[in-house]
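> Provided herewith is a single structure, encoded as structure tokens, for subsequent inquiry.
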Amino acid sequence: MTTLFINDVEVTVAPGTSILEACREQEVSVPYFCYHPELSVAANCRMCLVEIEGWNKPAASCCTPVAEGMKVTTQSESLDKDHKMTMEYLLINHPLDCPVCDQGGECKLQDYAVDYGASKGRYSEGKRAVNNYELGPFVTTAMTRCIHCTRCVRFADEIAGTGDIGVLNRGDHMSIAGIVDECLSSELSGNLPDVCPVGALLDGPSHDVSRPWELTRHKSTCTQCPNGCDIEIESRGDEVIRIQPVENSPEPWLCDRGRYVYDAFRSENRILTPCVRQDDGMQDSDWDDAVQRAVEQLSGKRIGMVISPFWSVEGYTAIRLLRDTAFPDAQVAFDLHRRDMRPFAFEEGFVQTTQQIEDADEVVVLGCDLRQRLPLMMQRLRKRLGNDKPVTRIGSMNYRSNADLSSEALIRPRDWSAVIARAMQQVMDLGKSAAGMKEWIAAVEDRHEAGKLLGDALMAGSCSLIVGEEIRCHPDAAALIHGLDLLMRGCGHAEADADGRNLVPEGMNAQVLSAVFGDVRSSAGDIFDAAAKGELDAILLVGSDPIGDGLFPVQARKALDNVPLVQVGAITGQISGGAQVMLPASAYSEIEGTFINMEGRVRVATNPIATIGEQRPLWKVMMRLVQALGHAVPVVNIEELRQQSIGFLPDLGQAWQSDAIDSFMMATPRHAKAAYLPAAVAADDKSLDVVSRYSLYREGMWARASALLSHAGVLHALDDVLVHPDTLQTLGLQQGMLTVVSEQGEQQFNIGTRDDVSPGVLFIAKHSVAGDLSNSVRISLRGGAA
Amino acid sequence: MSSAENPIFSEARLAEIKSVVERYPAAQSALLPVLHMAQEDFGYLSMPVQQLVADTLAVRLMAVREVVTFYTMFREQPCGKYLMEVCTNAGCMLNGANELAAHVCETLGINMGETTPDGLFTVTEVECAGACAGAPVVQINNEYHEKVDAAHMDAFIADARGQGGAA
Amino acid sequence: MISADPSKVTAICFDRIHHPNQHKLEVARANGAYKLLPKVLKEFSSEKIIEEVKTAGIRGRGGAGFPTGLKWSFVPRNTGKPIYLMCNADEGEPGTFKDRDIMRFDPHLLIEGMIMAGFALGVRDAYIYIRGEFLHEANVLNAAIEEAYAANLLGEHILGTDFSMNLTVHRGAGAYICGEETALIESVEGKAGRPRFKPPFPAVEGFYRCPTVVNNVETLSTIPAILEFGGAWHASIGVANNTGMKIFSVSGQVNKPGNYEVPLGTSLKTLIEEHCGGLQHGSLPKAVIPGGSSSPWLTAEHYDIPLTFDDLAKAGSMLGSGAIIVMDETADVLAVTRRLAHFYAHESCGQCTPCREGTGWLERVLVRIENGQGLPGDIAVLEDAAQYMAGRTICALADGAAAPVMSLIKHFPEAVRAGIVEKAA
Ligand SMILES: Cc1cc2nc3c(=O)[nH]c(=O)nc-3n(C[C@H](O)[C@H](O)[C@H](O)COP(=O)(O)O)c2cc1C
Ligand code: SF4
Ligand code: FES
């Protein structure tokens, strides 16, 4: 540790800390523009000057490391003059348009102008002319206000990994610009306005809508992906204006999905009143009538339940109470992708925190489009790579990760067992093994070279696996995960304090869902099949859209042709066309509730935004149904409900009590006995493996209801069906209209090519007609017309 | 035909670029040398040329843009056949560079920084050429002309016009 | 021939420069180039060479005057990272034109110096960063390097030893700031030349974050003589703490402008009167810029000053690159200052607020004063701007921009006042 004096106060900080960081730790204020705790140091604004005893010039505190015994002064007459001069320089070319600037109230320049600025600048010539530029759908630029701190440039390089913002020209012609005619291709672009210390980069959607001081802030949790970031929802009355990241939370950034989904809260897709189907379509109704209609569809029936993974702990407990009281035989599906329902050796959820993964010696991403699925996890990996720490990726597509991975391999889903076997061979040759490994490897004939990357990484002191949907959704998932589990155990990466087995879940609350519904869990596909076959009488859907999302849209449609649908939720989806009744439940911004993210981090939202329609918190809707179905209501207030939750999640009792709730962690479920051997892989034929694409702008009913995200989805769109150029060559085909032969029959698609799709894979978008191929495992491709 | 609007590097150039890249720990280091070559081949660095350079070295277009706009010798616009760069910095200024520059502009009938309508001459003012003992200095297409006077420039212009007319 | 007697030395870097065809390897060798190299590579140790250079007391000829031996000793060895050597041949400081002569007339002297420096530092790849405008010089260097490779003076196993080194000429493209050593490194990395803040110093973390030594052409060209005659020999040329010969590039209003290599400690007057044939007009200079345009000006008062790093520092200026720009009694000092202000505004890399905004501001204020439209507060504006730019930025360009303005106000306040409209309009 290094001891120094800041304004005569002795302080001790880690060696290598900058003076500015040392001051921040001590809450000594030093003005700055270009410094940003998450970005590299640029030291260009020269606002952060301090005096150091024995130095003949003031020093920039952001780039000067502390030294033993150093005596730092942060305030003096001379520094005051320095700060005034820097402000005077910055204002030479800065417009004095604070009254009309969105940044007003949140602008560093404005703040410091109050503290240091001379009332009138002495510069009297004209100001420089500056061009605006295109930064994607969410960012509006007003570049005359730019102060050249280069934060946005560093953000694009280091955080977004796109490198498409740069510094052009030099001297006072220097300007910050994006590539002409290209929008920032980053899913993190919405952070740019936050990164900009002045009003040069502005939040497009909230531009000109409001002033910061008019807003009320609500702490909440984003439910748009399993990462469950802390968010601050800003509202004016009951209208959400902005969503912002929370300072000092684990993630300093928000992804565009979590940030811009808010326009869906007021979209026409919201379910704000109870509705019932009449001859001429869905009609608004009242609670009594709609509940009555629901009871007619459900009472005494054999039902299947399909629920979404973004409700609160309280919501899930209520769903479970409804099931147990009224439908004790009902199966529940909360994952629209999982086909293999055998228990997994390690279940959905992250056993490690994102920070632990960032710090691990090796990280291997297996079959996951991390940039779309978990944009902030991907950002952590990018950060790792920037610090020369390796990241390996094996999977069916190199999904434009905006990062130079240290090693990667493209494989087909059918290759997974051969990949794992190759890695097993390697670790066994080095004398590492786990009980069961011999049997596992004996069941696999082939070895795939991509497994070497995995084997190499497993040799490190610590190794984190991030296992994604290509494995989770695999028909033989339980066996593959067992294989990975054996590898991790054999190499010492499964011990309590060094467990690196992470499985990307479908959505938020993975641990909660496993705990609450683990024993009654079913595949959504199986529920729909049962309904189609007449084994069920009705489906109760709670906030999910199995036609718009997931692998089973075809089965879902068949099911609805056969049985009625009762929908409870905050928002409609493509499936709603088949609903008989819709009961409105509050959105995540409108409730008091508990969320647990993929890491097991507990968050409690306490100050909900006022309700804009007739919706009720989900748990109340559930209790109303229980009552209407003629049962005793098990809980009447949230305290009683939470007592029930504790029955499923005993740790929560403590969490709700504890002040340190923010860091409270819940364990990820494990199934020690889930030992399955891989099935034989069919001999290589000319068929292609189908992999369906996940887009953060288009997946999920909230995202689809958001006009902002949908617009971005169009800008970032790829062809609906993609293959590797070699795939066509092997089949002797040319790019263009081709025929896909699947269980759906023969369909014509315009097939695009990309180098980053694995040969032998048909990569499909789910939002289009191609989405009907989602549940196909293999298809074949041929030329010409059908 | 390869041009600034539709540029392609010749095989020989590509081989040369490869050997230049090998001299550095990373390909981006070859950016300045390759931009010099591209400017020689295509006359100026149009956007297609910048994209070509980015692709050839596998660097981002923005990395190329940053470099092209930073260095004064890289041109994003075409210039005259004879680029006359008059040093007007202190050493040359104290030896009549401003008067010389004015004379050249007047003779050609253009302002500083412009190109004659026939596309033959461009005159620009540059910073110290590093040859102050020969002040005033004019650099014409990479060649230093030292202790230049009006007569020297007149003769050069006349000569070039003669050639230009013949060509 | 360089004399082994320090008191008889008349030139070091320019010793062989006037031989016809000295740039050709054959001629250079006949005149003694690479004579000592086999012995250095075979018998000298790295430590010995660095020790000799320290003893020689040579201070960098590029501008900052930092002791070369000391800089070399900062390079961490055995970090597992390669060590790079970069010769700074950017020669952009207005008034400086000495390196050009070494490169075009005696390139092998520089190459030999770089091989020796590279050997001392354990370098595998060395670069010469030459300003883009010096195309002819770059061609001469490249031809000489090619000959040196063919003669096994560069490349693998130089002269049959275990030492291997590559040398590459890297052309800049018109940016004065790339003479600043960290900007130079950025430029060789293929980026815009924006200086890096220090620490870390390049000797520890430079080119691609590896240890990197940057030395001026003249500094490196002195190494062969130091190793041939010994550090003590070099230390006894010139004066204490300011040892050796130095090339002064003299330009402006003198009768015989040019490069003159003289012992450090020679007086300004001697240089101008005896070597440069005196001033064009009058007998006393109006102003002298003694160390390149970034150095504060001297006036006739200091005509006798010995040209050393220390004496010039004492007089409030600096020796810099040894570029002396002389203004005689006819000079328009305001116009010269305004022209230099334009230079700095044009050459600022743009990253630091005071430099980016301040250089342009200085120029525009000087322009209006030159046009007779200065405002009453302008002297204070100039003083403030100059003072609060200097020493507050990443590199010293801002200090350089401030120097002429401060000098003008200090020495010629009446020239400034004449351009100011006293009554606010
Ligand atoms: C703005 C600026 C421009 C510079 N230009 C040059 C130059 O053209 N040539 C040079 O050798 N050094 C130049 N320097 C000095 C270098 O940064 C560095 O100190 C020098 O190359 C070190 O070599 P030396 O120790 O041999 O002098 C410049 C410094 C600054 C701040
Ligand atoms: S002082 Fe000027 S030239 Fe030097 S780094 Fe700062 S802005 Fe660039
Ligand atoms: S914060 Fe230190 S220079 Fe900008």
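Just so you know, all these numbers are worked out from the coordinates, no wet-lab data involved. Treat the numbers as computed from the prediction; the structure is a model and nothing was measured. In this analysis, Cβ positions are derived from the backbone assuming ideal geometry, glycine residues included, and neighbour counts consider all displayed protein chains.
> Looking at A:Val198, is it of a type in the set (A, V, I, L, M, F, W, C), under 30 Å from A:Ser401 (Cα atoms) and buried (at least 19 other Cβ atoms within 10 Å of the Cβ)? Quick ask: steps written out before the conclusion?
Numbers: of a type in the set (A, V, I, L, M, F, W, C): yes; under 30 Å from A:Ser401 (Cα atoms): yes; buried (at least 19 other Cβ atoms within 10 Å of the Cβ): yes.
Yes, satisfied.
> Could you tell me whether A:Leu649 is buried (at least 18 other Cβ atoms within 10 Å of the Cβ), in contact with a strand residue (DSSP E or B) (Cβ under 7 Å, 6 or more places away or on another chain) and touching a residue at least 12 places away in the same chain (Cβ under 8 Å)? Let's see the steps before the verdict.
Details: buried (at least 18 other Cβ atoms within 10 Å of the Cβ): yes; in contact with a strand residue (DSSP E or B) (Cβ under 7 Å, 6 or more places away or on another chain): no; touching a residue at least 12 places away in the same chain (Cβ under 8 Å): yes.
Answer is no for this residue.
> Given the criterion within 30 Å of C:Arg59 (Cβ to Cβ), in contact (Cβ under 8 Å) with a residue 40 or more places away in the chain and more than 18 Å from the chain's Cα centre (by Cα), identify the matching residue among C:Gly292, C:Gly358.
Going through C:Gly292, C:Gly358 in turn, just one is within 30 Å of C:Arg59 (Cβ to Cβ), in contact (Cβ under 8 Å) with a residue 40 or more places away in the chain and more than 18 Å from the chain's Cα centre (by Cα): C:Gly358.
One line per residue, one yes/no per condition, for (1) within 16 Å of ligand 2 (Cβ to nearest atom); (2) of a type in the set (A, V, I, L, M, F, W, C); (3) surrounded by fewer than 24 Cβ atoms within 10 Å (Cβ to Cβ):
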position	(1), (2), (3)
C:Leu382	no, yes, no
C:Ala385	yes, yes, no
C:Thr393	yes, no, no
C:Phe412	no, yes, yes
C:Ala415	no, yes, yes
C:Glu422	no, no, yes
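> Going through region B:6-41 one residue at a time, which ones are under 25 Å from C:Met86 (Cβ atoms) and outside any helix (DSSP H, G or I)? Step through it out loud before you land on a result.
As a first pass, look at region B:6-41 and keep what is under 25 Å from C:Met86 (Cβ atoms): B:16-40.
Hits for region B:6-41 are B:Glu22, B:Arg23, B:Tyr24, B:Pro25, B:Ala26.
> Evaluate region C:344-355: report whether one residue or more is among the aromatic types (Phe, Trp, Tyr) and away from ligand 2 (no atom under 16 Å from the Cβ).
Taking region C:344-355 as the starting set, the residues that turn out to be among the aromatic types (Phe, Trp, Tyr) are C:344.
Restricting the remaining residues to those that are away from ligand 2 (no atom under 16 Å from the Cβ) gives none.
Within region C:344-355, none of the residues are among the aromatic types (Phe, Trp, Tyr) and away from ligand 2 (no atom under 16 Å from the Cβ).
> Looking at region A:94-117 only, could you name the residues that are in a loop (DSSP other than H, G, I, E, B) and under 21 Å from C:Gln387 (Cβ atoms)? Walk me through it before giving the result.
Just the residues of region A:94-117 that are in a loop (DSSP other than H, G, I, E, B), to begin with: A:94-97, A:101-107, A:116-117.
Across region A:94-117, the qualifying residues are A:Tyr116, A:Gly117.
> Within region A:481-501, can you find the residues that are buried (at least 22 other Cβ atoms within 10 Å of the Cβ) and either part of a helix (DSSP H, G or I) or polar (S, T, N, Q) (or both)?
Across region A:481-501, the qualifying residues are A:Ile481, A:His482, A:Gly483, A:Leu484, A:Asp485, A:Leu486, A:Leu487, A:Met488, A:Gly490.
> Could you pull out the residue among B:Val49, B:Val53 that is in contact (Cβ under 8 Å) with a residue 12 or more places away in the chain, more than 13 Å from chain C (Cβ to nearest Cβ) and closer than 21 Å to A:Ile165 by Cα?
Values: B:Val53 fails: more than 13 Å from chain C (Cβ to nearest Cβ).
Of B:Val49, B:Val53, the one residue that is in contact (Cβ under 8 Å) with a residue 12 or more places away in the chain, more than 13 Å from chain C (Cβ to nearest Cβ) and closer than 21 Å to A:Ile165 by Cα is B:Val49.
> If A:Arg154 satisfies every condition in (1) within 14 Å of another protein chain (Cβ to nearest Cβ); (2) more than 16 Å from ligand 3 (Cβ to nearest atom); (3) surrounded by fewer than 22 Cβ atoms within 10 Å (Cβ to Cβ) but one, which is the exception?
Checking A:Arg154 against (1) within 14 Å of another protein chain (Cβ to nearest Cβ); (2) more than 16 Å from ligand 3 (Cβ to nearest atom); (3) surrounded by fewer than 22 Cβ atoms within 10 Å (Cβ to Cβ), the one that fails is (2).
> Run down A:Lys71, A:Lys57 and say which single residue is of a type outside the set (S, T, N, Q) and within 16 Å of ligand 1 (Cβ to nearest atom). Break it down stepwise before answering.
Working: A:Lys71 fails: within 16 Å of ligand 1 (Cβ to nearest atom).
Only one candidate qualifies: A:Lys57.
> Moving on. With the structure loaded, tell me whether A:Leu688 is buried (at least 20 other Cβ atoms within 10 Å of the Cβ) and within 27 Å of A:Ala442 (Cα to Cα) or whether it fails that test.
Details: buried (at least 20 other Cβ atoms within 10 Å of the Cβ): yes; within 27 Å of A:Ala442 (Cα to Cα): yes.
For A:Leu688, the condition - buried (at least 20 other Cβ atoms within 10 Å of the Cβ) and within 27 Å of A:Ala442 (Cα to Cα) - is met.
> Taking C:Gly316 as the residue in question, decide whether it is more than 16 Å from ligand 3 (Cβ to nearest atom), more than 10 Å from every other protein chain (Cβ to nearest Cβ) and in contact (Cβ under 8 Å) with a residue 60 or more places away in the chain. Before the answer, list the steps.
Numbers: more than 16 Å from ligand 3 (Cβ to nearest atom): yes; more than 10 Å from every other protein chain (Cβ to nearest Cβ): yes; in contact (Cβ under 8 Å) with a residue 60 or more places away in the chain: no.
Here the answer is no, as C:Gly316 does not meet what is asked.
> Still on this structure, please answer the following. Out of all the residues in region A:338-345, is one or more buried (at least 19 other Cβ atoms within 10 Å of the Cβ), in contact (Cβ under 8 Å) with a residue 24 or more places away in the chain and among the aliphatic types (A, V, I, L, M)?
Scanning region A:338-345, I find at least one residue that is buried (at least 19 other Cβ atoms within 10 Å of the Cβ), in contact (Cβ under 8 Å) with a residue 24 or more places away in the chain and among the aliphatic types (A, V, I, L, M), so the answer is yes.
> Just the residues that are more than 9 Å from every other protein chain (Cβ to nearest Cβ) and either under 36 Å from the mean Cα position of the chain (by Cα) or within 11 Å of ligand 3 (Cβ to nearest atom) (or both), please, taken from region A:43-58. Give the steps one after another, and end with the answer.
Kept after step one, since they are more than 9 Å from every other protein chain (Cβ to nearest Cβ), are these residues of region A:43-58: A:48, A:50-55.
Within region A:43-58, A:Cys48, A:Val50 meet the criteria.
> Quick one: what pairs do we get from region A:75-97, first residue more than 18 Å from C:Val381 (Cβ to Cβ) and away from every other protein chain (no Cβ under 12 Å), second surrounded by fewer than 23 Cβ atoms within 10 Å (Cβ to Cβ) and of a type in the set (D, E, K, R), C-beta under 7 Å, 6+ apart or different chains?
Qualifying pairs under 7 Å: A:Ser76/A:Glu51; A:Pro95/A:Lys127; A:Pro95/A:Arg145.
> Pick out, from region C:350-425, the helices (runs of 4 or more DSSP H) lying fully within it that include 1 or more residues that are more than 7 Å from every other protein chain (Cβ to nearest Cβ) and within 16 Å of ligand 3 (Cβ to nearest atom). So that I can check it myself, show each step before the final result.
Numbers: elements: C:353-370, C:378-389, C:397-411, C:413-417.
Answer list for region C:350-425: C:353-370, C:378-389, C:397-411.
> Here is a list: C:Phe134, C:Phe97. Which entry is under 14 Å from the mean Cα position of the chain (by Cα), within 30 Å of B:Gly134 (Cα to Cα) and within 14 Å of chain B (Cβ to nearest Cβ)?
Result: C:Phe97 is the single residue among C:Phe134, C:Phe97 that is under 14 Å from the mean Cα position of the chain (by Cα), within 30 Å of B:Gly134 (Cα to Cα) and within 14 Å of chain B (Cβ to nearest Cβ).
> Condition test on A:Glu187, is it away from chain C (no Cβ under 14 Å), away from ligand 2 (no atom under 16 Å from the Cβ) and either part of a loop (DSSP other than H, G, I, E, B) or not small (Gly, Ala, Ser) (or both)? Break it down into steps so the answer makes sense when it comes.
Values: away from chain C (no Cβ under 14 Å): yes; away from ligand 2 (no atom under 16 Å from the Cβ): yes; either part of a loop (DSSP other than H, G, I, E, B) or not small (Gly, Ala, Ser) (or both): yes.
For A:Glu187, the condition - away from chain C (no Cβ under 14 Å), away from ligand 2 (no atom under 16 Å from the Cβ) and either part of a loop (DSSP other than H, G, I, E, B) or not small (Gly, Ala, Ser) (or both) - is met.
> Taking C:Val204 and the conditions (1) surrounded by fewer than 18 Cβ atoms within 10 Å (Cβ to Cβ); (2) under 29 Å from C:Ser407 (Cα atoms), which numbered condition does it fall short on, given that it satisfies the others?
(2)
> Now for a different question. Could you please let me know if A:Leu20 is at negative phi, within 13 Å of ligand 3 (Cβ to nearest atom) and not basic (Lys, Arg)? Spell out the reasoning first.
Values: at negative phi: yes; within 13 Å of ligand 3 (Cβ to nearest atom): yes; not basic (Lys, Arg): yes.
Taking the combined requirement at face value, the residue satisfies it.
> Which one is surrounded by the most Cβ atoms within 10 Å (Cβ to Cβ) among residues in region A:729-786 that are over 34 Å from the mean Cα position of the chain (by Cα), assigned to a loop (DSSP other than H, G, I, E, B) and not polar (S, T, N, Q)?
Step by step, filter region A:729-786, then rank; the result is A:Leu733.
> Can you pull out the strands (runs of 3 or more DSSP E) entirely within region A:1-57 that have at least 1 residues that are within 16 Å of ligand 2 (Cβ to nearest atom)?
Details: elements: A:2-6, A:9-13, A:49-52.
In region A:1-57, A:49-52 are the strands (runs of 3 or more DSSP E) which contain 1 or more residues that are within 16 Å of ligand 2 (Cβ to nearest atom).
> Here's something else I'd like to know. Could you check, for region C:142-150, whether at least one of its residues is surrounded by fewer than 18 Cβ atoms within 10 Å (Cβ to Cβ), within 16 Å of ligand 3 (Cβ to nearest atom), more than 7 Å from chain B (Cβ to nearest Cβ) and more than 18 Å from the chain's Cα centre (by Cα)? Write out each step before concluding.
Pass one, region C:142-150, residues surrounded by fewer than 18 Cβ atoms within 10 Å (Cβ to Cβ): C:142-143, C:146, C:149-150.
Adding the requirement that they be within 16 Å of ligand 3 (Cβ to nearest atom) leaves none.
No: zero hits.
> Also: Residue by residue through region C:356-380, note down the ones that are among the polar types (S, T, N, Q) and within 16 Å of ligand 2 (Cβ to nearest atom).
Just the residues of region C:356-380 that are among the polar types (S, T, N, Q), to begin with: C:359, C:371, C:373.
C:Thr359 - this is the single residue of region C:356-380 that is among the polar types (S, T, N, Q) and within 16 Å of ligand 2 (Cβ to nearest atom).
> Give A:Pro608, A:Pro634 a once-over and let me know the one that is within 18 Å of A:Gln224 (Cα to Cα) and outside any strand (DSSP E or B).
Values: A:Pro634 fails: within 18 Å of A:Gln224 (Cα to Cα).
Of A:Pro608, A:Pro634, the one residue that is within 18 Å of A:Gln224 (Cα to Cα) and outside any strand (DSSP E or B) is A:Pro608.
> Right, here's the next one. Quick one: in region B:135-152, of everything that is out of contact with any strand residue (DSSP E or B) (no Cβ under 7 Å at 6 or more places or on another chain) and closer than 22 Å to B:Thr72 by Cβ, which residue is farthest from the other protein chains (Cβ to nearest Cβ)?
B:Glu146
> For region A:281-299, which positions are free of Cβ contacts under 8 Å to residues at least 12 places away in the same chain and either touching a Gly at 6+ places or on another chain (Cβ under 8 Å) or within 20 Å of A:Pro617 (Cβ to Cβ) (or both)?
The answer is A:Asp288, and nothing else.
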